[in-house]
Amino acid sequence: MKTLVFLDTNFFMMPYNERIDVFSEIERLLADTDYELVTVSSVEKELVRISEKAKGKDKVAASVGLGLLAAKKVKIMESVESYVDKELIRRTAEGRSSIVVCTNDKALRAAVKASGGRVISMRGRTHLEFV
């Protein structure tokens with residue numbers, strides 16, 4: 001069974017904000033795993049909203065994130081929930097062991113872990129780890 005690796009909004013913005021190549025880091029962590037990079041449509045909408053309405057660093061980071069979404073051919077799954085966190089928690093509860101959520105959001109990390117999911121997050125502002 002292929003593992004679905006869901007990327008949260010902050011993971012698309014991290015390459016610009018933190019200078020971490022999240023895609024190489026995910027490959028390093030999941031080297032022995034058959035996985036697919038995915039996200040939900042509410043993440044794409046949030047990136048578009050930030051790139052259009054924010055100013056400064058966040059605006060640029062969201063634009064870079066949108067470019068990476070396309071360049072890395074991340075599959076976009078239609079959201080049932082309009083709120084990103086609720087959608088990712090719902091999908092984790094449905095898929096459990098075959099889903100990994102990539103996020104730096106503390107509340108989302110806790111909720112995913114509580115529902116039996118696995119989480120990848122930034123550590124030390126230099127790399128990613130399972131938490």
Inset, instruction - Only one of these is assigned to a strand (DSSP E or B), free of Cβ contacts under 8 Å to residues at least 40 places away in the same chain, β-branched (Val, Ile, Thr) and in contact with a strand residue (DSSP E or B) (Cβ under 6 Å, 6 or more places away or on another chain): VAL119, VAL112. Name it. - result: VAL119
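Out of all the residues in the stretch 7-42, which are outside any helix (DSSP H, G or I) and touching a helix residue (DSSP H, G or I) at 6+ places or on another chain (Cβ under 6 Å)?
ILE20, VAL40
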Inset, instruction - Hey, can you tell me all the residues within the stretch 111-120 that are loosely packed, with under 14 Cβ neighbours inside 10 Å and of a type in the set (A, V, I, L, M, F, W, C)? - result: ALA114
Inset, instruction - Determine whether the stretch 36-56 contains at least one residue that is crowded, with 19+ Cβ neighbours inside 10 Å and touching a residue at least 60 places away in the same chain (Cβ under 8 Å). - result: no
Inset, instruction - Using the structure shown, decide if ILE50 is part of a helix (DSSP H, G or I), among the aliphatic types (A, V, I, L, M) and in contact with a strand residue (DSSP E or B) (Cβ under 7 Å, 6 or more places away or on another chain). - result: no
Legend entry - the stretch 15-35, subset farther than 16 Å from GLY95 by Cβ and touching a strand residue (DSSP E or B) at 6+ places or on another chain (Cβ under 7 Å), residue surrounded by the most Cβ atoms within 10 Å (Cβ to Cβ): VAL22
Inset, instruction - Mind counting the residues in the stretch 75-109 that are touching a strand residue (DSSP E or B) at 6+ places or on another chain (Cβ under 6 Å), under 18 Å from ASN10 (Cβ atoms) and of a type in the set (Ser, Thr, Tyr)? - result: 2
Inset, instruction - Select from the stretch 53-66 the residues that are farther than 13 Å from VAL22 by Cβ and assigned to a helix (DSSP H, G or I) and list them in ascending order. - result: LYS53, LYS57, ASP58, LYS59, VAL60, ALA62, SER63, LEU66
Legend entry - Residue under evaluation LEU108, criteria (1) surrounded by fewer than 19 Cβ atoms within 10 Å (Cβ to Cβ); (2) modelled with pLDDT of 95 or more, criterion not met: (1)
Inset, instruction - Give the number of residues within the stretch 64-115 that are hydroxyl-bearing (Ser, Thr, Tyr), within 25 Å of MET1 (Cβ to Cβ) and out of contact with any Asp or Glu (no Cβ under 9 Å at 6 or more places or on another chain). - result: 4
Inset, instruction - Pairs only if they're at least six apart or on different chains, beta carbon under 6 angstrom, first in the stretch 58-81 and touching a residue at least 24 places away in the same chain (Cβ under 8 Å), second assigned to a strand (DSSP E or B) and β-branched (Val, Ile, Thr); list them, first residue then second. - result: VAL74/THR39; LYS75/VAL38; ILE76/THR39; MET77/VAL38; MET77/VAL40; SER79/VAL40
Legend entry - Whichever residue in the stretch 67-105 is among the small types (Gly, Ala, Ser) and in a loop (DSSP other than H, G, I, E, B) and, among such residues, is surrounded by the most Cβ atoms within 10 Å (Cβ to Cβ): SER79
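The values are calculated or read from the model by the stated rules, or taken from the named source; none is laboratory data. Quick caveat: nothing in here was measured; it's all calculated off a predicted structure. Methodologically, a virtual Cβ is constructed for each residue, glycine included, from the backbone with ideal geometry; neighbour enumeration extends over all protein chains shown.
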